[in-house]
Amino acid sequence: MANRTVSDAKNIHGTNPQYLLEKIIRSRIYESLYWKEDCFGLTAESLIDKADQLPCIGGQYGNQKPTEFLCLTLKLLQLQPEKEIIIDFIRNEDSKYLRALGAFYFRLIGDSLEIYKYLEPLLYDFRKLRRRLPDGAYDIIHMDEFIDSLLRDERVCDTILPRILKRQVLEDNEELEPRVSFLEDELEQEALAAAKKEKKDRSRSRSSSRVSCYRNIKTINIYFYKCIINN
Amino acid sequence: MSTAYKGSEVGGDTNFRRTWDREEYEKKALERERESERAKVKEKPTELLKARKEKLELDKYLGKSQVVQTAGAASKQPGFYCKICDCNIKDSVNYLDHINGKRHQSKLNRTMKVERSSIEDVRAKLAKLKKKKEEPEKELTFDERIEKAKKDEEKRKESRKARKKEKKRRKREQEEQDSESLDPELAAIMGFKKFKSSN
Ligand SMILES: [Zn+2]
């Protein structure tokens, strides 16, 4: 089982789970030293330490080298641990890189409803993550930004994310509760106070407040502090 | 009568030829067959694949030579030597491929299947991780501090050596370049002669 998927793996989105990473990236991972030396023989359990020690998240860098983050993602695709295990990765508070890895993997294999259910709570995690950029340099991204891009973007860490339903669709089908959070409550109440009588198009104001909310980390952090102080 | 006279009894004047001891060879052939059969039914590996616990430190001996004293031709060649398979591998990547390979693993009585972690395994591990994060960086004992200082010193020396080597190499290159770019006329005036290579 150096490079093979476990024999009892189920197809994900109609294909071998490993194929969720592009072929060319997969073969670069198989060739990488980190894969050969550190990922060999890993289990879902022993992978935890490796994930905790990740230096950064990211896709490919430099001479199209895959990050260790991608290598471990492929390892998970190969092992296909029970969803319960991944949810524990996501819920863990102690290792932010394990959480980021769990979330990224879950975004690849989960269905729309579960993805919203388990990833949205991480939008309140403002911890910093190091990210490797294609040119090999690093920058800082916050967990909530990363999660937000997993929920909105088509491509993250050089990986095409499987399509998921828009949140609105799930809300309309009453499969998902409209997102109300204490942060949004505050923002919304302010907005409502400002334009109390104009009650038209509530949903749009909500979604736009969400955008501004996650896109502007500084404000949200200030809000966060304010909330803590107020409580 | 000894066997030496056997030939002359049957073969007349061809008694100088070697006579084949059929019995002996039959016995050998039979043994060989049994051996290969035994190899065929050799039990399949019973243990699951295991991850390596320790770092391989493939660069540990980088730039150093080591005297190896073991029997067998394979272990005397340069490169990585696998004790388990008694074979020599020329570089680190091939060595990794080898020790990750099926042949090597089955010599360790391991299949290529990996253990499936249960949710309990994972939870126990996560609890351990939590504990590790909560407990403050443990203070080193005196001996450990000494050990660490030694290692640091070694590393410093190592990198100093590498730097020096690199500097020397660059200097040499520079010199070579300089001598090549020397104007031949000027060289002639100064009394140097360019040596023609003798072939
Ligand atoms: Zn071997």
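Before moving on, here are some points about what is shown:
- Test result for A:LEU101, among the aliphatic types (A, V, I, L, M) and over 16 Å from the mean Cα position of the chain (by Cα): no
- In region B:92-103, the residues that are facing another protein chain (nearest Cβ under 8 Å) reach residues that are more than 11 Å from the ligand (Cβ to nearest atom) and acidic (Asp, Glu) with C-beta atoms within less than 7 angstrom, at least six apart or across chains, in these pairs: B:LEU96/A:GLU37.
- So A:GLU93, is it under 20 Å from A:ASN16 (Cβ atoms), within 14 Å of chain B (Cβ to nearest Cβ) and surrounded by fewer than 21 Cβ atoms within 10 Å (Cβ to Cβ): no
- All conditions but one from (1) touching a residue at least 60 places away in the same chain (Cβ under 8 Å); (2) within 26 Å of B:LYS50 (Cα to Cα); (3) more than 13 Å from the chain's Cα centre (by Cα) apply to A:PHE69; the one that does not is (3).
- When region A:4-27 is limited to residues that are within 14 Å of another protein chain (Cβ to nearest Cβ) and surrounded by 14 or more Cβ atoms within 10 Å (Cβ to Cβ), the one that is modelled with the lowest pLDDT turns out to be A:ALA9.
- Restricting the search to helices (runs of 4 or more DSSP H) fully inside region B:84-146 and requiring at least 2 residues that are more than 16 Å from the ligand (Cβ to nearest atom) and loosely packed, with under 11 Cβ neighbours inside 10 Å gives B:119-134.
- Residue identified as modelled with pLDDT of 90 or more and surrounded by 15 or more Cβ atoms within 10 Å (Cβ to Cβ) among A:ARG206, A:ARG167: A:ARG167
- Test for B:TYR95: is it modelled with pLDDT under 85 and hydroxyl-bearing (Ser, Thr, Tyr): no
- Test for B:LYS164: is it modelled with pLDDT of 85 or more and surrounded by 11 or more Cβ atoms within 10 Å (Cβ to Cβ): no
- Flag if B:PHE80 is at pLDDT below 85 and within 14 Å of chain A (Cβ to nearest Cβ): yes
- Yes/no for A:ILE115 being under 21 Å from A:LYS10 (Cα atoms), assigned to a loop (DSSP other than H, G, I, E, B) and in contact (Cβ under 8 Å) with a residue 12 or more places away in the chain: no
The values are calculated or read from the model by the stated rules, or taken from the named source; none is laboratory data. Note that the coordinates shown come from a computational prediction; the quantities given were computed from them, not determined experimentally. Backbone-built Cβ (ideal geometry, glycine too); neighbour counts: all protein chains shown.
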